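K.L.:
If you scroll down you'll find the structure; I have some questions about it.
The values are calculated or read from the model by the stated rules, or taken from the named source; none is laboratory data. No experiment lies behind these values; they were computed from the predicted model shown. Methodologically, a virtual Cβ is constructed for each residue, glycine included, from the backbone with ideal geometry; neighbour enumeration extends over all protein chains shown.
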Amino acid sequence: MSSDPGERATELVSSPRGTGIPATLTALLLGVIAYQLNASMVSPAVPGIAHALQSTADRVAISQTLFFLVGGITGVVLARYSDYQGRRRVLVLSLIVMCIGSFISMLAPTVTVLVIGRLLQGACGATYQITYLIMREVLTANQFGPALGLVTAISGGVGGGDQFLGGMLVDYWGFRSIFLVILIVGLLAIALSLIYVPESIADTHGKMDWFGASALSLGLIFINAGVTFGGSRGWVAGSTVVLLAASLGSFVTFWFIEKRSAWPIITVAHLKSRQVWPIVTTTLATLTGVFAAVNFTIVVLTQDHKAGYGMTATMSSLMFLTPAAAIGLVAAPVTGWLAPRVGWRSLMRKGLALSACALATSALFLDHKWIVFASAALLGIFYNGLALTTINGLGVILSPKDAPGALPGLNGACFGIGAGLGIAIVAPVAAGGKLASYQSALWVSAIITAIAFAASMWVQAPAEYSEENI
C-alpha cells in the first residue's frame, strides 16, 4: 500500500457509484461525527443521567470510562484488521454495532444497562484511524493536511455544536434524546459509507494476529481497571496491585507474541523505535491530561451549585465546551496546512506546552469564572488545533510501511484509553465537592500534560521521511 500521501493508492476498489472525493469525505466525516457525538455530547449530560437513573455522577462516569476503553481496544485491533479485511467493511461493521449500543443506551432503565449500551457504542473506536488511512490513500499531499485537521477538529467537538446540543437536549428532553440523535447520525453514516467510500483491497498474503491482539486488549483492560481501582480504593490495595500486575503480564506476553508472530500487529523493532513509542506515550499522556480536565472536571465544577458556578448543562456547555471546539474547527485545518511547511513535531510540542500552561492557569484561578473561560477557549488552539492535529498526522505519517494500520491503531487506542484513564484518575480527586478538590484535579491534569510534552521531545523522523518536514 502506498505510503506517500502525494500518490493515489492503487490498492483501492472503485466506489460502488464512482463518486468523487467530496462525497467520500462527507461519508467519512459523518462516521467520525457519529463516534464523536458518543464521546462529547454525552459529557454535559452526566449529571442529568445520574439524576434520571437515580445514581451518582461518578457511577455514570464509569460508563464513560468503559466506552473509551472499548473504543481504545477496537481502535488498535480493527485498524490493523482493516489491512486484511478492507477498510470500508470494517468501518461499516463497527458503525452497525455502535448503532445497536445507541439503541440500548437510549432505552436504558438503569446505569447497568447504560453501561452495556456504552460498551457496544465503543465498537466504533477505529472510526478515526480508518478514516485517516482512507484519506491518506485517496488524497494528495496538499489535500491530506487540511482534511486531517478537519477530522481532528471534530475529535475536539463538532464545532462546539455537539456539546451545546447535548446540554440543551438533556435540559429539555432528557438524556435519552441524546442517544436518539447519535443513532440517527450513525445510520446515515452507514448508508453513505456503503455508497460513497471506496473499499481497499485486503492484504491476502498475511493474516490477523489474534493472539497478539488478545494479549494487548487484556493489557489495556487490566491497566484501565487498575487505575480506576487505584483512584477509588487506593494504589496499594490488593485489587489494584493485582490488576496492574496483570496488565504488565499481558503487555509482556504481547511483546513475546509479536517477536514470534509471522504477521504481528506491529514488530518489536518498530515498537522500540523512536518513531513509535514516543508518539504512543505522548498521545496517551495528552488525552489523560487534557480530555478529563475539559470534559469532566470543568463540566462537573460549572454545574456544581455549592462549590462551583451553579450553571445548567446548556450554559455550561455553551460557555466552557463550545468555544474551544468552535475555535478548533478553524485552528486544526490551519495546523494541518502549516505542519508540512514548518514541522509536525515543532507544532506538536508548542501545543502541548501551551495546553499545560492553560490547565495550570485554570487551577490557579478556578474561582475566577472568566479566567477559566479564557483558558478553556485557548485550548481550542493549543489542544484541539496544534496538539491533536499533529499527533494524529504523525501517527499516520510515521506508521511502518509493512503495517500501515499499526501505529494509527495504537495511537487511536491511546486516545480512547487516555480519555478513559483521565476520567478514572480525576473523578475521585474531584469527588470531594469542594473548590480545592476541583483545583487538585486540574493540577493533576496539568502535570500529566507536561509529561506528554516531555515524551514528545523523543519523537524522531525515520530516514525515509527526510524529505518531509517532520
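K.L.:
Out of the range 329-355, which residues are of a type outside the set (A, V, I, L, M) and either under 20 Å from the mean Cα position of the chain (by Cα) or under 20 Å from T449 (Cβ atoms) (or both)?
P.N.:
Across the range 329-355, the qualifying residues are P333, T335, G336, W344, R345, S346, R349, K350, G351, S355.
K.L.:
Could you say whether any residue in the range 24-41 is hydrophobic (A, V, I, L, M, F, W, C) and touching a Pro at 6+ places or on another chain (Cβ under 9 Å)?
P.N.:
Taking every residue of the range 24-41 in turn, none turns out to be hydrophobic (A, V, I, L, M, F, W, C) and touching a Pro at 6+ places or on another chain (Cβ under 9 Å).
K.L.:
Out of all the residues in the range 253-262, is one or more β-branched (V, I, T), at pLDDT 85 or above, outside the structural domain of A441 (by TED's automatic domain parsing) and out of contact with any Leu (no Cβ under 6 Å at 6 or more places or on another chain)?
P.N.:
Yes; the residues of the range 253-262 include at least one that is β-branched (V, I, T), at pLDDT 85 or above, outside the structural domain of A441 (by TED's automatic domain parsing) and out of contact with any Leu (no Cβ under 6 Å at 6 or more places or on another chain).
K.L.:
Considering only the range 76-96, I want to know if a residue exists there that is at pLDDT 85 or above, among the β-branched types (V, I, T) and surrounded by fewer than 22 Cβ atoms within 10 Å (Cβ to Cβ).
P.N.:
There is at least one residue in the range 76-96 that is at pLDDT 85 or above, among the β-branched types (V, I, T) and surrounded by fewer than 22 Cβ atoms within 10 Å (Cβ to Cβ).
K.L.:
Just to be sure, is L318 surrounded by 24 or more Cβ atoms within 10 Å (Cβ to Cβ), touching a residue at least 40 places away in the same chain (Cβ under 8 Å) and among the aliphatic types (A, V, I, L, M)?
P.N.:
So L318 fails the test.
K.L.:
In addition: Quick one: what pairs do we get from the range 277-303, first residue of a type in the set (K, R), second in a helix (DSSP H, G or I), C-beta under 9 Å, 6+ apart or different chains?
P.N.:
Pairs that qualify, where the first residue is of a type in the set (K, R) and the partner is in a helix (DSSP H, G or I): there are none.
K.L.:
Wholly within the range 285-385, which helices (runs of 4 or more DSSP H) include no fewer than the required count, namely at least 1 residues that are closer than 21 Å to V444 by Cα and in contact with a Ser or Thr (Cβ under 9 Å, 6 or more places away or on another chain)?
P.N.:
In the range 285-385, the matching helices (runs of 4 or more DSSP H) lie at 298-303, 313-320, 344-364, 369-379.
K.L.:
Go through the residues of the range 389-396 one by one and say whether even a single one is assigned by TED's automatic domain parsing to the domain that holds G72 and surrounded by fewer than 24 Cβ atoms within 10 Å (Cβ to Cβ).
P.N.:
Yes, the range 389-396 contains a residue that is assigned by TED's automatic domain parsing to the domain that holds G72 and surrounded by fewer than 24 Cβ atoms within 10 Å (Cβ to Cβ).
K.L.:
For the range 394-416, does any single residue satisfy the condition of being β-branched (V, I, T) and at pLDDT 80 or above?
P.N.:
Within the range 394-416, one or more residues are β-branched (V, I, T) and at pLDDT 80 or above.
K.L.:
Moving on to the next point. Can you list the helices (runs of 4 or more DSSP H) found entirely within the range 108-227 that contain at least 3 residues being modelled with pLDDT of 90 or more?
P.N.:
In the range 108-227, 111-121, 176-196 are the helices (runs of 4 or more DSSP H) which contain 3 or more residues that are modelled with pLDDT of 90 or more.
K.L.:
Within the range 46-69, is there a residue that is more than 30 Å from H305 (Cα to Cα) and β-branched (V, I, T)?
P.N.:
No, because not a single residue in the range 46-69 is more than 30 Å from H305 (Cα to Cα) and β-branched (V, I, T).
K.L.:
For the range 4-40, how many residues meet the condition of being modelled with pLDDT under 50, surrounded by 18 or more Cβ atoms within 10 Å (Cβ to Cβ) and closer than 11 Å to E137 by Cα?
P.N.:
Of the residues in the range 4-40, 2 are modelled with pLDDT under 50, surrounded by 18 or more Cβ atoms within 10 Å (Cβ to Cβ) and closer than 11 Å to E137 by Cα.
K.L.:
Do any residues in the range 167-182 that are assigned by TED's automatic domain parsing to the domain that holds V32 and more than 19 Å from V113 (Cα to Cα) have Cβ atoms under 6 Å from those of residues that are among the small types (G, A, S) and assigned to a helix (DSSP H, G or I), where the two are at least six apart or on different chains, and which pairs are they?
P.N.:
Note: pairs meeting the criteria are G167/A313; G167/S317; L169/S177; D171/A313.
K.L.:
Here's something else I'd like to know. Out of everything in the range 212-228 that is in contact (Cβ under 8 Å) with a residue 60 or more places away in the chain and of a type outside the set (S, T, Y), what residue ends up being nearest to G420 (Cα to Cα)?
P.N.:
N224
K.L.:
Okay, next question. Give just the number: which of (1) over 28 Å from Y81 (Cα atoms); (2) modelled with pLDDT of 90 or more does T390 not satisfy?
P.N.:
Exception for T390: condition (1).
K.L.:
Of the residues A79, A61, only one is over 30 Å from K207 (Cα atoms) and of a type in the set (A, V, I, L, M); which?
P.N.:
A61
K.L.:
Tell me the residue from A285, A307, A262 that is buried (at least 24 other Cβ atoms within 10 Å of the Cβ) and either at negative phi or among the polar types (S, T, N, Q) (or both), please.
P.N.:
Exactly one residue qualifies, and that residue is A285.
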